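Novice: Provided herewith is a single structure, encoded as structure tokens, for subsequent inquiry.
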Amino acid sequence: MRFFQSLILILLAALSACQNAVEKSDKIDLSGSWQFQKQGDSIWLPALVPGTVQTDLFANQLIQDPYYSDNESKNKWVENENWVYQKTFEVDKSDLKQNAELVFEGLDTYATVFLNGRKILDADNMFRTFKVDVDSFLIEGENELKIIFESPVQKAIPIYDALPYRLPADNDRNEKQTSVFTRKAAYQYGWDWGPRYVSMGIWRPIVLHFWENFRVIENRVSQQKLSKEEAVVVWFAKIVAEKEAVLSYRIGTNSIRYLSKTIRLQKGENTITDTFRVQNPKLWWPNGYGEQNIYSFQVDLKSKNQHFSERKQLGFRTIEHISESDSIGKSFYFRVNGIPIYAKGANYIPQDNFLPNADSSRYKELIKSVKDANMNMLRVWGGGIYESDLFYDLCDRNGILVWQDFMFACSLYPGDSAFLKNVEMEARDNIVRLRNHPSLALWCGNNEINELWYNWGYQKKLDYSEEDSIKIWNDYQKLFNHLLPNLVKELNPETAYWESSPMIGWGHSESMNQGDSHYWGVWWGKETFEVYEEKVPRFASEFGFQSIPQRSTIESFADSNQMNLFSTDLKAHQKSSIGNETILEYMQRNFPVPEQFDDFVYVSQLVQAYGMSIAFEAQRRNKPKTMGSLYWQLNDCWPGISWSGLDYFGNWKALHYEAQHDFKTFLISFENQSDGLSVFVISDSLKTIKARLELVLMDFDGKRMYDKTIDLSVSENSANEVFQIPNAILDKVLESKKMLLSAKLYSHSKLMAENNYYFSSPKELILPNDVELAYKMKGNLLSLWSKNGKLIKNLYLQANQKAVFSKNFFDLLPGDTVYLSVDKQNSETFRLKFKSLHSL
């Protein structure tokens, strides 16, 4: 099982980290082997840190596989218990002569910490880093660290009971919805795409730091001014000195030293600010717009008997969030280095319900898939977590802009001083941690809470009095219109703040003309996919449709006798209240409905990709009115049926391949108008190109009924109608169920874009029955063609082994040969399998 494999990989990584830590005299990494028990038990069991109670229980075979069948309900008891973790570690006599600080990077969530039997910390926020001076608590030799985790569910019940009104938590499936009182990842209480596993544990490392003369509290290298000729860089440091001391600092790259000075530190806290200039700076650009140039500055600080060294990354760029009144309403887009950027991407959720399961290889694989699909932005959704440093580093290196929600979603929250202070510390930690990443484009206060207040009817459902409503809305204002924007302004003024996504609900016409939009008329409203051509917002930050993951993913959670859309196991892994029946309903509207389950899975993915492609194309055709397409959702936190384009194991669904096609720099798109079929060319390139557009109207046997070649100039950063085939021509030759229009865009003989237009829905097409696929494999290169020269619609390539195809779920046109690459395990045993819409 993937679950077991993840645990093993994490164990190896943790043990490696421990070995590395021993080699460094200035810190001890306390990751690795621990012990744990349910509070009150007498037996201690082995545990792994970072980890969670559920993963440790599973490793000790005390609960069933959390992701298999309907085990979720059987494992629910864990969230209502308290759990205790402990570890012993050695401290040398020489270490005791130094100052010592324990840094807890992630405690989930209500944790009381004891060092050698003495309490040192009460933690109450999963998202915060806690630092404790412990030099007076350490002893020579063996030290014991013990952490008691209280049930977050039980801990919050008294707070819930004491409140005179109810605060809704749209996701929380308990009768008492307590999640809003706890600063913890909301999705772990359940969502309409994931299970309820309310975790506890040490989810990020604990590190013991030693220091003798000075401690670096803050070390930042940031861009102050930027021009084509030079970048002015500010180095800022906050240092606590044990006593007066001389400090030397040097800052530079591998080839250039920018600063080299000696100063005197005063006892206590010192702040140092210095500037230097980088000549002719190379800019950082989003994916598809240019290179991701990142400068690496080495900061070295030296005092008697102590040396501090750290590399700081910096990408030179400007990012502006533009929201201005115009003739339509109010714009919403991002301008990078002075250029309006069309945002192409998706909404990102945590990669696992048990967060430490997501190791570095999974992060790297996911961001690679994002880049390979021609995306340039991810929205880190507010019901998850502030992601790991690795996530943002990968986004930096791959040109993926980050829209960062604060961790509030689909709920109303308290506004008492203790809660607000906790949130303030959480926000400070994470703004400071993330603000230097060149990928960071926006801070957003919350997900859908403004819309919840105005459109979801909770005032009536929960019987709020006028006094209740005033109090709750004032609490909202304190949090999202005062505290958070003021913290962003103080700590990261270079990055814009947006109160709530969206500001206007999808049921209001204004949501199409101003701000960002979450359009759920398709799916929740059961509207047709074609509505996407009418409902085109300024910036589409949520829209989506579900599909079923591939067979191997289903087999990871369901028995072979459960391969049915409405079986116990599949229903347990479908968390939307209207899920499987809605997939079936849209399939019946648009596609043939297969009898075999494997075929049903395949067509469900075609349905999802078909609907999303209509949205992608309509949105990009409407550039510059529309300047962003972020669909719901990129990925999964467990193996299940959801809106994702990448399943839990990273497999590309048809949607992700469709995004790869529709998010290319150049796109050909079609719009059926009253007087003919219009052809659009969309360009996100920063250069105007000379191009040739080839249009061919053909039947499915390859017979050409009409063709046209147009020479044109494709303007930079544009979307234009370039040609129209009038109805007078189409009416003469068109058999709508047996024909397609092929469009290909060339520049200097290089294919820049291609797309096909069908005149009827897939359900109505009369496809040839006798198609034959021919292919040739040479190394990792695969060439394919239709052996008898007929259309092969929605060709789905598979293999008899794990293989990743660079292109899939595509139409193979008569007379065309398609070339693609295959990442496979064994060339000698590789055998190609395929499925198409014809074979159903």
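The values are calculated or read from the model by the stated rules, or taken from the named source; none is laboratory data. Model, not experiment: these values are computed from the prediction. Every residue, glycine among them, receives a Cβ derived from its backbone with ideal geometry; neighbour counts consider all protein chains shown. The accessibility values were calculated without ligands, DNA or RNA, using every heavy atom of the protein model including side chains. Shrake-Rupley method; radii C 1.70, N 1.55, O 1.52, S 1.80 Å.
Novice: Among the strands (runs of 3 or more DSSP E) contained in region 257-308, which hold 1 or more residues that are free of Cβ contacts under 8 Å to residues at least 12 places away in the same chain, out of contact with any Asp or Glu (no Cβ under 7 Å at 6 or more places or on another chain) and within 29 Å of R215 (Cβ to Cβ)?
Specialist: So the answer is 257-265.
Novice: Also: Can you tell me how many residues within region 758-816 are surrounded by fewer than 18 Cβ atoms within 10 Å (Cβ to Cβ), touching a Leu at 6+ places or on another chain (Cβ under 6 Å) and not in a strand (DSSP E or B)?
Specialist: Counting residues in region 758-816 that are surrounded by fewer than 18 Cβ atoms within 10 Å (Cβ to Cβ), touching a Leu at 6+ places or on another chain (Cβ under 6 Å) and not in a strand (DSSP E or B) gives 2.
Novice: Oh, and also: G290 versus (1) modelled with pLDDT of 95 or more; (2) in contact with a Ser or Thr (Cβ under 8 Å, 6 or more places away or on another chain); (3) open to solvent by less than 40 Å² (accessible area, probe 1.4 Å): which is the lone unmet condition?
Specialist: Every condition holds for G290 apart from (2).
Novice: Which one is farthest from S360 (Cα to Cα) among residues in region 649-674 that are in a loop (DSSP other than H, G, I, E, B) and open to solvent by 10 Å² or more (accessible area, probe 1.4 Å)? Spell out how you get there, then give the answer.
Specialist: Within region 649-674, the first condition is being in a loop (DSSP other than H, G, I, E, B), and the residues that meet it are 649-651, 653, 663-665, 674.
Applying the additional criterion that residues be open to solvent by 10 Å² or more (accessible area, probe 1.4 Å) yields 649-651, 664-665, 674.
Numbers: F649: 14, G650: 13, N651: 17, K664: 27, T665: 29, S674: 52 Å.
Taking the candidates together, the pick is S674.
Novice: Any idea how many residues of region 604-624 are farther than 21 Å from S547 by Cα and polar (S, T, N, Q)?
Specialist: Counting residues in region 604-624 that are farther than 21 Å from S547 by Cα and polar (S, T, N, Q) gives 2.
Novice: Moving on to the next point. In region 79-90, is there at least one residue being open to solvent by 10 Å² or more (accessible area, probe 1.4 Å), of a type in the set (S, T, N, Q), more than 26 Å from A185 (Cβ to Cβ) and modelled with pLDDT of 95 or more?
Specialist: Yes - at least one qualifying residue is present in region 79-90.
Novice: Please count how many residues of region 133-146 are under 19 Å from V49 (Cα atoms) and either under 35 Å from the mean Cα position of the chain (by Cα) or among the polar types (S, T, N, Q) (or both).
Specialist: Final tally of qualifying residues: 3.
Novice: Where residues in region 175-226 are among the basic types (K, R) and outside any strand (DSSP E or B), which of them is farthest from the chain's Cα centre (by Cα)?
Specialist: K176
Novice: Out of (1) outside any loop (DSSP other than H, G, I, E, B); (2) open to solvent by 40 Å² or more (accessible area, probe 1.4 Å), the odd one out for S136 is which?
Specialist: Going through (1) outside any loop (DSSP other than H, G, I, E, B); (2) open to solvent by 40 Å² or more (accessible area, probe 1.4 Å) one by one, S136 breaks only (1).
Novice: Of the residues in region 303-330, how many are basic (K, R), open to solvent by 80 Å² or more (accessible area, probe 1.4 Å) and within 18 Å of V221 (Cα to Cα)?
Specialist: Going through region 303-330 one residue at a time, the tally reaches 1.
Every residue, every condition in (1) crowded, with 24+ Cβ neighbours inside 10 Å; (2) among the small types (G, A, S); (3) outside any helix (DSSP H, G or I); (4) without any contact (Cβ under 8 Å) to a residue 60 or more places away in the chain, yes or no:
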{"position": "G345", "(1), (2), (3), (4)": "yes, yes, yes, no"}
{"position": "P350", "(1), (2), (3), (4)": "no, no, yes, no"}
{"position": "K364", "(1), (2), (3), (4)": "no, no, no, yes"}
{"position": "K368", "(1), (2), (3), (4)": "no, no, no, yes"}
{"position": "K371", "(1), (2), (3), (4)": "no, no, no, no"}
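Novice: Go through the residues of region 397-416 one by one and say whether even a single one is aliphatic (A, V, I, L, M) and assigned to a helix (DSSP H, G or I).
Specialist: No, because not a single residue in region 397-416 is aliphatic (A, V, I, L, M) and assigned to a helix (DSSP H, G or I).
Novice: If you don't mind, there's one more thing I want to ask. Just give me the residues in region 391-410 being among the polar types (S, T, N, Q) and either within 16 Å of I294 (Cα to Cα) or open to solvent by 10 Å² or more (accessible area, probe 1.4 Å) (or both), in sequence order.
Specialist: The one that is among the polar types (S, T, N, Q) and either within 16 Å of I294 (Cα to Cα) or open to solvent by 10 Å² or more (accessible area, probe 1.4 Å) (or both): N398.
Novice: With (1) open to solvent by 30 Å² or more (accessible area, probe 1.4 Å); (2) more than 28 Å from G40 (Cβ to Cβ) as the list, and N116 as the residue in question, which single condition is left unmet?
Specialist: Condition not satisfied by N116: (2).
Novice: Among the candidates Q633, Q619, single out the residue that is open to solvent by less than 10 Å² (accessible area, probe 1.4 Å), assigned to a loop (DSSP other than H, G, I, E, B) and closer than 17 Å to M377 by Cβ.
Specialist: Checking each option against the conditions leaves just Q633.
Novice: Of the residues F666, F680, F670, only one is touching a strand residue (DSSP E or B) at 6+ places or on another chain (Cβ under 8 Å), of a type in the set (F, W, Y), at negative phi and free of Cβ contacts under 8 Å to residues at least 60 places away in the same chain; which?
Specialist: F680
Novice: Tally time: how many residues in region 554-608 are assigned to a loop (DSSP other than H, G, I, E, B), touching a Leu at 6+ places or on another chain (Cβ under 8 Å) and open to solvent by less than 10 Å² (accessible area, probe 1.4 Å)?
Specialist: Within region 554-608, residues that are assigned to a loop (DSSP other than H, G, I, E, B), touching a Leu at 6+ places or on another chain (Cβ under 8 Å) and open to solvent by less than 10 Å² (accessible area, probe 1.4 Å) number 2.
Novice: Under the condition of being without any contact (Cβ under 8 Å) to a residue 12 or more places away in the chain and assigned to a loop (DSSP other than H, G, I, E, B), which residue from region 63-98 is farthest from W34 (Cα to Cα)?
Specialist: So the residue we want is S94.
Novice: Among the residues of region 531-541, which ones are outside any loop (DSSP other than H, G, I, E, B) and in contact (Cβ under 8 Å) with a residue 40 or more places away in the chain?
Specialist: The answer is Y532, E533, F539, A540, S541.
Novice: Turning to a different aspect of this structure: Looking at region 542-569, I want the residues that are under 21 Å from W523 (Cα atoms) and have a partner that is among the aliphatic types (A, V, I, L, M) and open to solvent by less than 50 Å² (accessible area, probe 1.4 Å) with Cβ atoms under 6 Å, at least 6 apart or on another chain. Which pairs are those?
Specialist: If the second residue must be among the aliphatic types (A, V, I, L, M) and open to solvent by less than 50 Å² (accessible area, probe 1.4 Å), the pairs left are F543/A615; Q546/I583; I548/V601; I548/I641.
Novice: Right, another one. Determine whether L462 is of a type outside the set (K, R) and open to solvent by 10 Å² or more (accessible area, probe 1.4 Å). It would help to see each step written out before you state the result.
Specialist: On the way: of a type outside the set (K, R): yes; open to solvent by 10 Å² or more (accessible area, probe 1.4 Å): yes.
Answer is yes for this residue.
Novice: I would also like to ask the following. Examine region 483-496 for a residue that is in a strand (DSSP E or B), touching a residue at least 12 places away in the same chain (Cβ under 8 Å) and within 24 Å of P286 (Cα to Cα), and state whether such a residue exists.
Specialist: There is at least one residue in region 483-496 that is in a strand (DSSP E or B), touching a residue at least 12 places away in the same chain (Cβ under 8 Å) and within 24 Å of P286 (Cα to Cα).
Novice: Further, regarding this structure: Can you tell me which residues in region 499-511 are touching a residue at least 60 places away in the same chain (Cβ under 8 Å) and open to solvent by less than 40 Å² (accessible area, probe 1.4 Å)?
Specialist: S501
Novice: Here's a follow-up. Which number in (1) closer than 24 Å to N455 by Cα; (2) modelled with pLDDT of 95 or more; (3) out of contact with any Phe, Trp or Tyr (no Cβ under 7 Å at 6 or more places or on another chain); (4) crowded, with 21+ Cβ neighbours inside 10 Å marks the one condition that G544 misses?
Specialist: Evaluating G544 over (1) closer than 24 Å to N455 by Cα; (2) modelled with pLDDT of 95 or more; (3) out of contact with any Phe, Trp or Tyr (no Cβ under 7 Å at 6 or more places or on another chain); (4) crowded, with 21+ Cβ neighbours inside 10 Å leaves (3) as the failure.
Novice: Now, a different point. If you take the residues of region 703-726 that are under 16 Å from N622 (Cα atoms) and not in a strand (DSSP E or B), which of them is most open to solvent (accessible area, probe 1.4 Å)?
Specialist: Among them, the one singled out is E716.
Novice: T495 fails exactly one of the following numbered conditions: (1) polar (S, T, N, Q); (2) out of contact with any strand residue (DSSP E or B) (no Cβ under 7 Å at 6 or more places or on another chain); (3) modelled with pLDDT of 95 or more. What is the number of that condition?
Specialist: Of everything listed in (1) polar (S, T, N, Q); (2) out of contact with any strand residue (DSSP E or B) (no Cβ under 7 Å at 6 or more places or on another chain); (3) modelled with pLDDT of 95 or more, T495 misses just condition (2).
Novice: Within the bounds of region 250-258, is there any residue that is open to solvent by less than 20 Å² (accessible area, probe 1.4 Å) and more than 30 Å from W403 (Cα to Cα)?
Specialist: Checking region 250-258: at least one residue is open to solvent by less than 20 Å² (accessible area, probe 1.4 Å) and more than 30 Å from W403 (Cα to Cα).
Novice: Also, quick follow-up: Please verify whether P168 is in contact with a Ser or Thr (Cβ under 8 Å, 6 or more places away or on another chain) and either open to solvent by less than 10 Å² (accessible area, probe 1.4 Å) or within 29 Å of W473 (Cα to Cα) (or both), treating the condition exactly as stated.
Specialist: yes
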